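Read the structure below first, then the notes.
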Amino acid sequence: MTKRETYTLLALIAVYYEQFEVNQRKIDSWHEVLQSHEVEDLRRNLLLHVKESPYPPKISDLVRKSAMVSRAIPNCLDTDCIVPIAWKPASEEVVQAELAKMREILGIRRSEA
């Protein structure tokens, strides 16, 4: 996103919300955060925000993920990409040491049978 596109987006917000002021400091600050985002995604989120809220959007309102993306449940192939290939389970000594720490924290005494 260019600084000109940032200005255009802020000017559009000012059209929808009279109390929203556009100045150079705001353009620079918003551009610093929004420069890595696509202008069309931000514009689409702005239009959704305008339909839902009488208040001007914050940056976080414009960069939100769509509902479809945030609620997606990964399948086996997606999970394969997420879980590191070189993952190794902890050794038995590490597992037992961590369990002993948890028992100590919780005040659980093991009976020696």
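Bear in mind that the values in this text are calculations on the coordinates, not laboratory data. It should be emphasised that the depicted structure is a prediction, and the values quoted were computed from it without experimental measurement. As a convention, Cβ positions derive from the backbone with ideal geometry for all residues, glycine included, and neighbour counts pool all protein chains shown.
As a length-normalised measure over Cα pairs under 8 Å and 6 or more apart, the relative contact order of the chain settles at 21 percent. Using only side-chain charges placed at the Cβ, +1 for Lys and Arg and -1 for Asp and Glu, the dipole size of the chain relative to its Cα centre rounds to 240 debye. Annotation: lysines with alpha-carbon distance below 29 angstrom to LYS26 (same-chain offsets under eight excluded): LYS3, LYS51, LYS58, LYS65.
Look at (i) 16.1; (ii) 14.1; (iii) 18.7: the one that is Kirkwood radius over Cα pairs in Å derived from this structure is (iii). If R0 is 35 Å, what FRET efficiency do you get for ARG44 and ASN75 from their C-beta distance, rounded to 0.05? The pair ARG44/ASN75 has a calculated efficiency of 0.85. Would segment 1-40 count as rounded, prolate or oblate if I go by the C-alpha gyration tensor, calling it rounded below 1.5 in a/c and otherwise prolate when a/b exceeds b/c, oblate otherwise? Oblate. Residues MET1, MET102, arranged from fewest to most other Cβ atoms within 10 angstrom of their Cβ, appear as MET102, MET1. Each label point was placed 7 Å from the Cα along the Cα-to-Cβ direction; for GLU18 and LYS88 their separation is 6.9 nm.
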